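Visitor: Mind having a look at this structure? Questions to follow.
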There are 2 protein chains.
Amino acid sequence: MDLDAHFEEFAARDWQTAEEGTVRVALVGLGEFARDHVLPAVAGDAGGPTDRTSFCEVTALVSGSPEKAESVADEYGVETVLDYDEFEAGEGVDAFDAVYVAGPNALHLDYARTAADHGKHVLCEKPIEASADRAREMVRACEDAGVTLMVGYRPQVEPATRRLRGLIRDGALGDPVAFHGWFTGHILEQGGPDQWRLDPDLAGGGALMDVGVYPLNAVRFLFGSDPVAAQATTSTPDAEFEGVDEHVAFQLEFPEGETASCTASYRAQDDDRLRVVGTEGQAALNPAFNSEINPTLTLEVGDERVEYTGPYVNEVAEEFDYFAHCVLTDTRPEPDGRDSVADMEAVEAIYESAETGRQVEVGETES
Amino acid sequence: MDLDAHFEEFAARDWQTAEEGTVRVALVGLGEFARDHVLPAVAGDAGGPTDRTSFCEVTALVSGSPEKAESVADEYGVETVLDYDEFEAGEGVDAFDAVYVAGPNALHLDYARTAADHGKHVLCEKPIEASADRAREMVRACEDAGVTLMVGYRPQVEPATRRLRGLIRDGALGDPVAFHGWFTGHILEQGGPDQWRLDPDLAGGGALMDVGVYPLNAVRFLFGSDPVAAQATTSTPDAEFEGVDEHVAFQLEFPEGETASCTASYRAQDDDRLRVVGTEGQAALNPAFNSEINPTLTLEVGDERVEYTGPYVNEVAEEFDYFAHCVLTDTRPEPDGRDSVADMEAVEAIYESAETGRQVEVGETES
C-alpha cells in the first residue's frame, strides 16, 4: 500500500460542495472559547484563507452581560446585541440564520429549542447537553422545526482526523483492534474554581463530560461503530473538584470485540493523544483533540512508517464553514444531534459503571 | 528541574555491587527464546561488554529432546545434558548453581520445586506460573529451601525503564495520574498453531498471560504500588485462538485513584509502548516491553521536552547478570516471586472481571 497517496491533498475539504452563500450566526454565550477562538475565526479579519470562515459571519450576540456584549460588538462590528429574554422573545430574529450555542451544558437545550422555535439552525458546543434525555429532546426540537443541528466536535472536521478515518475505512490498518486515547489538563489554571464546569448541575459531570467525550466521540468516528458496553472508574482525590469526576478511566467494547481505553483528568499535565492498533498497522494522532495546534499523524504499516504534519488549518473556521455548508446544501452534519445522543448514552453507561462497578450495556440506562 | 541530569550514566547498573563471581546455570527447556536469546547472551562469545553476561555461564541443559540438547550443547560447549527424569533425580546436580526455567507456564512450578529441592537458585520466565496458587507454592518452595527466586521481567533491569522509575520516584512528573500501555503482535507468525501458548491448561490463559502481564508488571513497578481493583473484557474473535483470550483490555485502579489502561492482543500489528501522565509531566517508552530493541524515553515536563535513546544494552544479559548478582550477594531480586504473585492476583481479578462483568478487587479471588 502506498501510504503517501493518503497524504495528498491532506487538508482538502472533502465535504465541501457549496461554492457560495453566507450563514449569519448569533453567538449565544460569550465565554472564553467564543471570545478567544470563535470570534477571531468567524468575525475577525486575520490571516490567510484557512484562518477565516468563508461561509459564516457573526451578526448577533446573545449574552447575560451587556457590558461584555457591547465591548465585543464594538470590536467585531456586530450590530445586534440581545440579552437572553430578548433572544427568547424573538427580538432581532431577522438578523441571523443560525445560532452557536455555548455556555453551561445544562442550558444548551433551552437555547437550542428557542432557536429552533424561531426557525434557526443550531451549532451546539460539545457535549450536546447534560443528559441523554435532554440531548434527545434537542434532536426532536430541531427535527420538528426542520432546522439543522450540529454539535461542535471539531476533530470530525480536522483534516488529520478525517485522513485517519479514511485510512481506517480503506483497510490500511487491517481490522481495528484497540484504541487508546486520553485528554488531560489543569482546568483550574484555565477557568478558576468558580467555573460552571465544576458545577454538577450545570455541567452534568466532570472530566468525562468536558474532555473525556473527545476520545469517546473520536473512537466512534474512527471505528465507524458504536460501543456496546462500558466499564469505568472515576475518582476525585482533590477537594477543589468535589461533586464532579476529577479523573475518569473508561473502557468500551465494540461489536467485533475491538476495545477503546480512555482516560480524562482535570488535574494532570496537558496532553491529548490517540492511537489505533489494527491487525496490519497502527496510527497515532498527537495532539488529537485540542484546537489550533497542528496534529501530527503517524502511521506504521508493517515495516513502513510515515509521519505527516499537514498545513495549519484553523479548526474553528473549518467547523463553522462545515456547519454553514450543511445549512446551505441541506446536508446532514456528521456530528449531528443523533451522533451526540450516542455519546451521551455511552457517557451514562460509563457513569453507571463507575457507580455500580459492573459492566453496563450502552443504551441500558436509557429512561 | 534539569531533566538532562536524569540521563547521565543512563545505562549504569545502579544495582550492581558484586565485582566478581560466577553463577553456573542450567537451562531448563530449550524453546525459541532460550536458543535464540538466552544462549547467545549467556553462553555465546559475541560482541562487547554489554552483549554478554559477566557473572553467568551455562553449564547444563535440561530438555525433553535429546537431539536438540546435544546440538545446542555442541554449539555452546555445554558438558552436562539431562532429560527431565535425570534432572528430577538430581543427576549432574554438581554441575550448576541455578536453573533458568522456561517452557509452558503450568510446568514452571514443578521445575522450580525440583531445583529448590536440590538447593539451586531459580530464575523463572514470566509469567511465574499458570495461577496465583501455584505461584505462591513456588515462592514457598524457594523460601523453604533458602534459594533465590527471580522472575524474568526484563524491563525491570532495562535501563530506560529503571531511569523512568527513578524520575517518577523523584517526582519529576508530579503525582502519577494515568498509565496507558499495550503489547500486541501476531503470535501465530512466531510459533504456529500448535504452540503451548494457545493451550489453556499449559498457558493458564492467552494474550493476558503472555504479553498483557508486561504492562501490568510495568505499571506496578513504575507506580511502586499495587492495584486495588480491576475491570476487564476479553474476546476471541478468531477460531485459531479458541480456548484462550485473543484480546484483552483491562483497567486497574490504584490506591490514590491513579488508573492503568492496558491492552494485549495475539492478532494485531506488533507494538508495545507505555505512557505515564502525572500532575506535572508525562513520559513515554517506545518500545516498552520487547527485548533487544533500544527503547526511546520521551519526557515532557511543562514546556520542556527531552527525548533520549540510551546506548544499546542486551537485556537478557542484564537480566542474567542481575540474577547472578542477587545470588552472589544474597540480595532479594526486585522481580521476585512475591512480585509475581501480585501480578497473578491481578491477572485472576482481570479474568474474573472479564467473566462476570463486574469490577473485582485484587486479592478477592484468592483461594
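Coordinate-derived values only; no laboratory data. Everything numeric here is computed off the predicted structure, so don't read it as measured data. Neighbour counts are summed over all protein chains in view; Cβ atoms, including those assigned to glycine, are modelled from backbone coordinates with ideal geometry.
Visitor: Beta carbons within 10 angstrom, averaged per residue: use that to sort the peptides A:258-269, B:166-177, B:5-16, B:221-232, highest first.
Guide: Descending packing order for the listed peptides: A:258-269, B:221-232, B:166-177, B:5-16.
Visitor: In square nanometres, what is one fourth of the surface area of the convex hull spanned by the alpha carbons of chain B?
Guide: 17.6 nm²
Visitor: Right, here's the next one. Please check: in the Gaussian network model of chain B (C-alpha springs, under 10 Å), which one of B:Asp210, B:Asp238, B:Asp321 has the largest mean-square fluctuation.
Guide: Answer for the Gaussian network model of chain B: B:Asp238.
Visitor: Only bridges with both residues in the protein assembly as shown count here: give the DSSP antiparallel percent, nearest 5.
Guide: For the protein assembly as shown, the DSSP antiparallel bridge percentage is about 60.
Visitor: Please list the non-local residues whose amide H lies under 5 Å from the amide H of A:Asp175, H modeled 1.01 Å from N, same-chain partners needing a gap of 5 or more.
Guide: Distant-sequence amide H within range of A:Asp175: A:Thr279, A:Glu280.
Visitor: Under 8 Å for C-alpha pairs, at least 6 residues apart: give me the relative contact order for chain A, rounded to a whole percent.
Guide: For chain A, the relative contact order is 20 percent.
Visitor: For B:272-283, what's the mean count of beta carbons from other chains sitting within 10 Å of each residue's beta carbon?
Guide: Across the residues of B:272-283, the mean count of other-chain Cβ atoms within 10 Å is 4.
Visitor: Related question: Identify which of B:Gly302, B:Gly29, B:Gly337 has the largest mean-square fluctuation in a Gaussian network model of chain B, with springs joining Cα atoms closer than 10 Å.
Guide: B:Gly302
Visitor: Now a separate question. So for chain A: antiparallel DSSP bridges make up what percent, rounded to the nearest 5?
Guide: 60 percent
Visitor: If you build a Gaussian network model of chain B, linking Cα atoms that sit under 10 Å apart, which residue out of B:Glu70, B:Glu88, B:Glu20 swings the most?
Guide: Taking springs between Cα atoms under 10 Å, the residue moving most is B:Glu20.
Visitor: Please list 3J(HN,Hα) in residue order for the range A:193-207, calculated via the Karplus relation 6.51 cos²θ - 1.76 cosθ + 1.60 where θ = phi - 60°; whole Hz, with x for glycine and proline.
Guide: x, 9, 5, 5, 4, 9, 9, x, 5, 7, 8, x, x, x, 4
Visitor: Next up: Per residue of A:7-18, what is the mean number of Cβ atoms on other protein chains within 10 angstrom of that residue's Cβ?
Guide: Per residue, the average neighbour count from other chains is 0.
Visitor: If you don't mind, there's one more thing I want to ask. Do the sum for the protein assembly as shown: with -39,500 (n - 2.57) for every DSSP H run of n ≥ 4, divided by all residues, what is the mean residue ellipticity at 222 nm, to the nearest 500 deg cm²/dmol?
Guide: That calculation yields -9000 deg cm²/dmol at 222 nm.
Visitor: At 7 Å along the Cα-to-beta-carbon direction for both A:Asp194 and A:Asp238, put a label point, then send me their distance in nm to one decimal.
Guide: 2.0 nm
Visitor: Residue by residue through B:223-235, how many Cβ atoms from other chains fall within 10 Å of the Cβ on average?
Guide: Partner Cβ neighbours, averaged per residue: 3.
Visitor: Semi-axes of the protein assembly as shown's equivalent ellipsoid from the Cα gyration tensor, sqrt of 5 times each eigenvalue, largest first, rounded to whole Å?
Guide: 55, 24, 23
Visitor: Residues with amide H under 5 Å of B:Val99's amide H, sequence separation 5 or more or different chain, H placed in the peptide plane at 1.01 Å from N; which?
Guide: For B:Val99, the qualifying residues are B:Ala26, B:His121, B:Val122, B:Leu123.
Visitor: Going by Cα centres, the range B:215-292 and the range A:152-184 are how many Å apart?
Guide: First find each Cα centre; the distance between them is then 21 Å.
Visitor: Could you pull the copy-to-copy label distances for B:Ala89, with points set 7 Å along Cα to Cβ, in nm to one decimal and sorted shortest first?
Guide: 10.4
Visitor: Can you tell me, using C-alpha contacts under 8 Å and at least 6 residues apart, the relative contact order of the range B:9-153 as a whole percent?
Guide: 21 percent
Visitor: Mind listing the long-range amide H neighbours of A:Gly206? Cut-off is under 5 Å, sequence gap 5 or more, other chains count too, H placed in the peptide plane at 1.01 Å from N.
Guide: A:Asp245
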